[in-house]
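The values are calculated or read from the model by the stated rules, or taken from the named source; none is laboratory data. Not measured: the values here are computed from a predicted model. Neighbour counts run over all protein chains shown; Cβ positions are idealised from the backbone, glycine included. What goes into the accessible areas is simple: the full protein's heavy atoms, side chains included, and nothing from ligands, DNA or RNA. Shrake-Rupley method; radii C 1.70, N 1.55, O 1.52, S 1.80 Å.
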Amino acid sequence: MQFERVGVVGAGTMGSGIAQCLALSGIDVVLIDVTREALERGMGGLSGSLARLVSKEALTREEADRALARIEASMDYARLAEVDLVIEAATENFDLKTRILKQVDAIVRQSTVIASNTSSISITALAAMLTNPYRFIGMHFFNPVPVLPLVEIIRGLQTSDEVARAVGELAQRIGKTPIAVKNSPGFVVNRILVPMINEAFLVLAEGVATAEEIDAGMKLGANHPIGPLALADLIGLDVCLAVMNVLAGDFGDPKYRTSPLLREMVAAGHLGRKTKQGVYSYA
Ligand code: NAD
C-alpha cells in the first residue's frame with residue numbers, strides 16, 4: 001500500500017494543516033471543500049504558514065513553492081477518483097461525515113484507504129457506512145498540525161492490519177509520531193486531557209484559586225507547558241464541552257459530569273481565543 005496521491009476533504013484549520021504536511025513530504029494532494037471561499041481561506045492560511053517557515057529559514061523558498069504546487073484545491077469530489085488515500089477533515093457532525101464518506105466511497109477505487117480526522121465520532125460506526133469497512137481508519141491529528149507531532153491511529157473494529165500499518169507508516173513519512181489506539185470515546189489524548197480541563201473549571205468555580213494561580217500551579221507543579229485554562233481558550237471552550245458530552249454520553253459514568261461554569265461560558269459565546277474572550281481576555 002503506497003500513498004503518493006492523497007485527498008483531503010475539508011480545507012479548514014485541520015485539513016489545510018494536513019495538506020501542508022503531506023505536500024512538504026513530497027505527496028500530491030487534492031484538497032476539497034464546498035465553497036470557493038473556504039478553499040481560498042484554507043490555501044491562504046497554508047501559504048502564510050509556509051511563508052513563516054521560509055522567513056524563519058526552516059524551509060527554502062523553492063521547497064515552499066514546490067509544496068504549494070503539489071496541492072490542487074477543488075470543489076469537485078470527482079477529483080478524488082485517482083487518490084490512494086482520502087483523509088476526511090470536514091466539520092464535526094455525524095450526519096455530514098456520513099454523507100461525505102458515502103460520496104467518497106462511490107468515487108474512489110476499491111483499494112483506496114479512507115480515514116477520518118474526527119475528534120469524537122466512533123470510527124467503528126463511520127466504517128459501517130462504507131462498502132469496505134476494513135479499509136477505514138481514524139487519523140487524529142492535533143492542532144496546529146504543522147507543529148504538533150502526534151497522530152492517533154484509531155482502529156475501528158473492522159479495520160484491517162494492513163491498513164493500520166500503512167497509515168502508521170505514512171504518519172512517520174510526513175514527520176509525525178503515530179500511536180496505535182483502539183476505537184473508544186475520546187480515544188486516548190482527549191479522554192485524559194479534557195476531563196483535566198473540566199476539573200480546572202470546577203476548581204475555578206469553587207473559588208479554590210484564581211485562573212492565573214490554577215494555570216501557574218499546573219505549569220510549575222506538574223511541568224505542563226501551558227495551564228489547563230489557557231489551553232481551554234486555545235482549543236475552544238465549545239470543543240472542550242463537546243468532548244465532555246461525548247465522554248458523558250458514551251460511558252454514562254457520572255465522573256464525566258461537565259462543569260456548569262464551562263457550560264455557562266459556552267452559552268455566553270465566550271469560547272476562548274477565537275472569540276477574543278474565554279477564561280482570559282484577548283481583546
Ligand atoms: P473547520 O471548521 O476549521 O473546517 C471544516 C471545513 O469543512 C470547512 O472549511 C467547511 O467548509 C468544510 N466542509 C463542510 N462540509 C463539507 C463538505 N460536505 N465537503 C467538504 N468540506 C466540507 O474545522 P476543523 O477545526 O478543521 O475540524 C475538522 C475536523 O477535524 C473535525 O472533525 C474536528 O473534530 C477535527 N479536529 C479538530 C481539531 C481542532 O483543534 N480544531 C483537532 C483535531 C481534530
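Odds and ends about this structure:
- A cut-off under 15 angstrom between Cβ atoms defines the neighbours of Lys255, and their net charge, with Lys, Arg +1 and Asp, Glu -1, is -1.
- Placing a pseudo-label 7 Å from each Cα along the Cα-to-Cβ vector at Arg79 and Val54 gives an inter-label distance of 2.1 nm.
- Degrees, to the nearest 10: 36-55 long Cα axis against longest axis of the chain: 80
- Packing-based ranking, highest mean first, of 227-233, 35-41, 260-266, 152-158 given that Cβ atoms within 10 Å are counted: 227-233, 152-158, 260-266, 35-41
- Charged-residue dipole, Cβ positions (Lys, Arg, Asp, Glu), the chain about Cα centre, Debye nearest 20: 140
- Ala268-Ala125 FRET efficiency (beta carbon distance; Förster radius 22 Å; 0.05 resolution): 0.10
- GNM on the chain, alpha-carbon springs under 10 angstrom: the most fluctuating residue among Ile226, Ile235, Ile27 is Ile226.
- With all protein chains in place and a 1.4 Å probe, the accessible surface of segment 191-275 carries 58 percent carbon and sulfur.
- Among 166-178, 91-103, sorting by the average number of other beta carbon atoms lying within 10 angstrom of each residue, highest first, gives 166-178, 91-103.
- Candidate lysines for bridging to Lys102, where Cα separation is under 24 Å - those fewer than 8 sequence places away on the same chain excluded: Lys182
- For Lys97, the aspartates and glutamates whose Cα falls under 16 Å of its own Cα, not counting residues fewer than eight places away in the same chain, are Asp33, Glu88, Asp105.
- DSSP-defined antiparallel bridges as percent of all bridges, the chain, nearest 5: 20
- Relative contact order for the chain, counting Cα pairs under 8 Å that sit 6 or more residues apart, in percent: 13
- Contact order relative to length of segment 133-278, as percent, for alpha carbon pairs under 8 angstrom and 6 or more apart: 18
- Dimensionless Rg over Rh [segment 180-283; C-alpha; Kirkwood]: 0.97
- Accessible solvent surface per residue of segment 115-213, calculated while the other protein chains remain in place, 1.4 angstrom probe, Å²: 43
- For Arg66 and Leu193, the difference between the fully extended length at 0.36 nm per residue and the C-alpha to C-alpha distance is 42.0 nm.
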